[in-house]
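A.B. asks: Below is the structure I would like to discuss, written out as structure tokens.
The values are calculated or read from the model by the stated rules, or taken from the named source; none is laboratory data. Only a predicted model underlies this, so the values are computations on that prediction, with no experimental measurement involved. Every residue, glycine as well, gets a Cβ built from its backbone with ideal geometry; the counts of neighbours run over all protein chains shown.
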Amino acid sequence: MQIISKTHFDFIGARYKLFAVSAALLAASVASLMTRGVNYGIDFTGGTVIQVTFLEAMPAGQLRSALDKTGLKGASIQSFGGENGYAIRVKAEAEMSAQALEDEIKALSAAVAPAQFKVDRKEFVGPAVGRDLFSKALWAIVLSLGGIIVYVAFRFSNPVWGLAGVLALGHDVLATYGLFSWTQAEVDLVIVAALLTIAGYSINDTIVIFDRMRENLRLMRGASMDEIINTSINETLSRTIITNATVLSVVLILFFFGGKVIHNFAMAMVFGAVVGTYSTIALAAPLVYEWAVRMGGAKREALSKPQPKAAGKGR
């Protein structure tokens, strides 16, 4: 299906402008991460989550005053599921028994009396478990990026292609992480799954363009490298737009109608799908071109395979 035909956008000619947009986005993400930090969920920090729904109106200020009278002093309060629903989170400093958690709920019930509430959810994750989960999540991301480099390098017989693809999807992951820092939306294991999904989606689009580049290297004899890459991106542009529109139509429905439980996941997917499409076009292939120009003098061989070692001057 072709919805856009015969486009002739000069992506390579505009690569420095596109690089500047990405640099600004990443700078904003890093600045937010350094100044605002990340709101990690109890999956990573350890702690207690009690989600309650009051049977009558309960202002957040009144609930805060009630919490200060219990062992949940210093807890964070988040409105959840309507005006009378709240998620109460307390970061753990030590292990808590099931009985201790029940005692905290009883203390909360006494503090807000005569108001009544029902407990929708209660969880406790120990600090050691939280640190272990964070470490494993980090390793999952690092190993997935490493695996992608190896796969793309093997498939296209050039490690630079793999590195360019990973730099592009690393851009997507960092930008999405920055979004969560800026919005202070909670980052938990579900968001890690979203980041890995974004990485997979991004590299899939990149490989489609790389495949077309490899094919055009054989078909476009005598063409310059920038012409080959521009043609490859333009030829796959319709497919990229259709794929992105399909993904966005699904994740936007989840974002607006999926409810609070998957709202953050859907937000990550919406943003990641957009920046993933952008990086595939604006970063991955232009980075391959930039490397080839600097290392191979813009020759076709520099694009298709690693540079051979310099031969000795004498025989």
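A.B. asks: Does Ala128 satisfy being at pLDDT below 80, within 36 Å of the chain's Cα centre (by Cα), over 26 Å from Ala66 (Cα atoms) and of a type in the set (A, V, I, L, M)?
C.D. replies: yes
A.B. asks: Limited to the stretch 209-247, what total is found for residues that are touching a residue at least 40 places away in the same chain (Cβ under 8 Å), over 30 Å from Met269 (Cα atoms) and touching a Ser or Thr at 6+ places or on another chain (Cβ under 6 Å)?
C.D. replies: Result for the stretch 209-247: 1.
A.B. asks: What are the residues in the stretch 248-269 that are buried (at least 19 other Cβ atoms within 10 Å of the Cβ) and without any contact (Cβ under 8 Å) to a residue 60 or more places away in the chain, if any?
C.D. replies: Val251, Phe255, Ala266
A.B. asks: With at pLDDT below 90 and under 15 Å from Gly272 (Cα atoms) as the only criterion, which of Leu169, Leu179, Leu143 stands out?
C.D. replies: Going through Leu169, Leu179, Leu143 in turn, just one is at pLDDT below 90 and under 15 Å from Gly272 (Cα atoms): Leu169.
A.B. asks: So which residues in the stretch 20-50 are in a loop (DSSP other than H, G, I, E, B) and surrounded by 16 or more Cβ atoms within 10 Å (Cβ to Cβ), if there are any at all?
C.D. replies: Hits for the stretch 20-50 are Val38, Asn39, Gly41, Gly46.
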